[in-house]
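Below: one structure, written as structure tokens.
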Amino acid sequence: MTIQRTVLDNGIVVIAVENSAADIIASRIFLRVGSQCEPLEKIGLSHLLSAVVTKGTEQLSSIEIAERVESEGAYLSTDATNDYFVLSLKTVSTDWHEMLELAGEILLYPSFPESEVELEKQLTIQGIRSQKEQPFTVAYEQLRRVIYPNHPYGISILGTEATVSSLNPTDLKMYHQTHFHPNNMVISIAGCITSEEAVEQVKRVFGDWQPTEILPAKPQLSSLTSHPCQVTTPQETQQSIVMLGYLASSVQEKDYATLKLLSTYLGNGLSSRLFVELREKRGLAYDVSALYPTRQLASIFAAYIGTAPENTEIAFDGLRTEVERLGTTLLSSEELQTAKNKLLGQYALGKQTNAQLAQIYGWYETLGLGIEFDLQFQQDVAQVTPTEAQAVAQRYLIEPYVSLVGPDEAINRR
């Protein structure tokens with residue numbers, strides 16, 4: 001397997017991964033735009049655009065687009081996250097040229113039909129309402145709001161009912177015109193194709209697209225400081241959700257690999273510290289885990305437990321004790337090595353298919369890390385020592401934000 005990075009004259013970065021194990025080509029077309037680029041009054045733009053961009057172009061209707069994809073037995077989808085927009089494409093190698101042309105038509109000439117926009121707005125609003133019925137989602141969303149005040153990271157990628165209701169085709173066209181430029185694009189291709197052919201076909205489809213001289217600035221989190229507090233949402237549920245959150249480093253910073261390792265040790269799988277101590281030994285948890293999402297800007301390190309309402313207080317104390325233990329007690333070399341093996345093993349399993357390869361290398365390039373980050377991350381994880389792990393825990397996992405969801409008498413007891 002060989003990996004080649006090429007920058008076209010108009011600024012498009014092409015990542016080509018030659019992998020002839022199967023006659024399949026998977027592509028990811030990334031734009032460096034996500035919810036972090038949205039005005040607060042228009043949160044939900046990225047998600048809505050991703051839902052509507054495949055529903056019509058200047059030449060094709062949504063039905064015609066669907067028929068072209070399905071007639072080739074191909075796969076095409078779009079998605080938006082906090083940090084990027086992506087069009088995903090997978091097809092047999094003989095049909096890839098045609099599907100790439102279709103992707104180009106979709107990305108360069110979307111029409112945003114009003115009827116399709118209205119339909120997707122209603123579906124999005126239903127999704128937002130559905131989230132409000134899920135205790136874990138409610139707990140995580142209110143945690144994000146207090147950690148990221150006045151920033152798009154603090155709001156669901158779907159937006160709010162109010163912001164989504166106000167969006168219209170003109171907003172989508174302006175957002176597209178502002179952010180969709182070749183010098184804001186990464187195209188990652190993995191499969192039975194040479195790097196030369198991959199670059200040639202990208203040039204054929206996108207080569208005439210002219211770059212913009214000035215890309216729009218993105219909101220920053222450089223001045224964000226931690227102000228821990230407690231937030232609650234009473235909800236008549238069968239369990240309480242207790243969530244502790246900490247402002248943590250971005251993927252760009254040196255502590256990223258160590259925090260990934262600590263998250264794995266704490267909450268990844270049935271052998272994790274939280275699962276063994278709080279569920280297996282003490283029977284406190286319906287569900288217990290930790291998460292540390294990869295973010296271009298400052299991220300959240302969170303630990304959570306779902307517990308019986310009458311156990312809310314003791315579950316909170318147990319969860320906090322386990323997180324704080326990382327800063328007060330050195331992990332043994334055996335504990336740390338087990339976590340490394342788990343993290344690096346799962347990382348390797350995430351790079352088996354062409355689609356996974358296209359995703360990970362394109363994602364790293366889009367985040368500004370470069371394809372070499374793949375190896376760098378693995379080396380950084382392998383080199384973490386118990387002392388370094390403790391130091392990072394002491395730096396970040398001190399005073400938590402607390403998010404509670406559950407019956408009123410349970411979450412307000414403490």
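Using Cα-only point scatterers and the Debye equation, what is log10 of I(q)/I(0) for the range 213-368 at each q in 0.08, 0.13 Å⁻¹, rounded to two decimals?
So the normalised log intensities work out to -0.29, -0.74.
Please order Cys229, Cys37, Cys192 by the number of other Cβ within 10 Å, starting at the fewest.
Cys229, Cys192, Cys37
Mind scanning Lys260/Lys351; Lys55/Lys121; Lys281/Lys342; Lys254/Lys351 and naming the pairs with a C-alpha gap bigger than 20 Å?
Lys281/Lys342; Lys254/Lys351
If you put +1 on each Lys and Arg Cβ and -1 on each Asp and Glu Cβ, how big is the dipole of the range 274-337 around its Cα centre, in Debye rounded to 20?
180
Using Cβ contacts closer than 10 Å as the measure, can you line up His176, His47, His227 from fewest to most?
His227, His176, His47
From largest to smallest, what semi-axes in whole angstrom does the chain give when each is the square root of 5 times an eigenvalue of its alpha carbon gyration tensor?
The answer is 39, 27, 19 Å, longest axis first.
Which length gain, in nm to one decimal place, applies between Tyr286 and Glu64 when the Cα-Cα distance is subtracted from 0.36 nm times their residue separation?
75.3 nm
Per residue, how big is the convex hull around the C-alpha atoms of the range 2-206? Give it to me in cubic angstrom, could you?
Considering the Cα atoms of the range 2-206, their hull volume per residue is 136 Å³.
Return the whole-Å distance between the Cα centroid of the range 37-96 and the Cα centroid of the range 353-377.
When both Cα centres are located, 21 Å separates them.
Taking the dipole about the Cα centre of the range 207-287, with the C-beta of Lys and Arg at +1 and of Asp and Glu at -1, give me whichever of Gly283, Ser249, Gln239 is farthest to the positive side.
Working it through, the farthest residue towards the positive pole turns out to be Gly283.
Between Phe136 and Ile398, what FRET efficiency comes out of the Förster formula 1/(1 + (r/R0)^6) with R0 = 30 Å and r the beta carbon distance, rounded to 0.05?
0.80
Out of Thr170, Phe377, Leu274, whose Cα points farthest toward the positive end of the dipole of the chain (charges: +1 Lys, Arg; -1 Asp, Glu; placed on Cβ)?
Leu274
Charges on Cβ only, +1 for Lys and Arg, -1 for Asp and Glu, centred on the Cα centroid of the range 242-376; of Gln352, Thr366, Leu336, which one is farthest towards the dipole's positive end?
About the Cα centre, the residue reaching furthest to the positive side is Gln352.
Separation between the Gln352 and Glu313 pseudo-spin-labels, each 7 Å from Cα along Cα→Cβ, expressed in nm?
Rounded to a tenth, the inter-label distance reads 4.8 nm.
Mind checking which of Ser226, Ser71, Ser93 has the largest fluctuation in a GNM of the chain, springs on alpha carbons under 10 Å?
Its mean-square fluctuation being the largest, the pick is Ser71.
Counting pairwise Cα distances across the range 236-313, what percent come out greater than 17 angstrom?
Looking at the range 236-313, the distances longer than 17 Å represent 48 percent of pairs.
Based on Cβ point charges of +1 for Lys and Arg and -1 for Asp and Glu, what charge dipole magnitude is obtained for the chain about its Cα centre, in debye rounded to the nearest 20?
Details: 31 positive and 50 negative charges, 255 e Å.
Rounded to the nearest 20 debye, it is 1220 debye.
Within 10 Å of each residue's Cβ, count the other Cβ atoms and sort Ile187, Ile125 from fewest upward.
Working: Ile187 29, Ile125 18.
Ranking Ile187, Ile125 by Cβ neighbours within 10 Å, fewest first, gives Ile125, Ile187.
FYI, it's all coordinate maths here, none of it is from the lab. Worth saying up front: this structure is predicted, and the values here are computed from it rather than measured. As a convention, Cβ positions derive from the backbone with ideal geometry for all residues, glycine included, and neighbour counts pool all protein chains shown.
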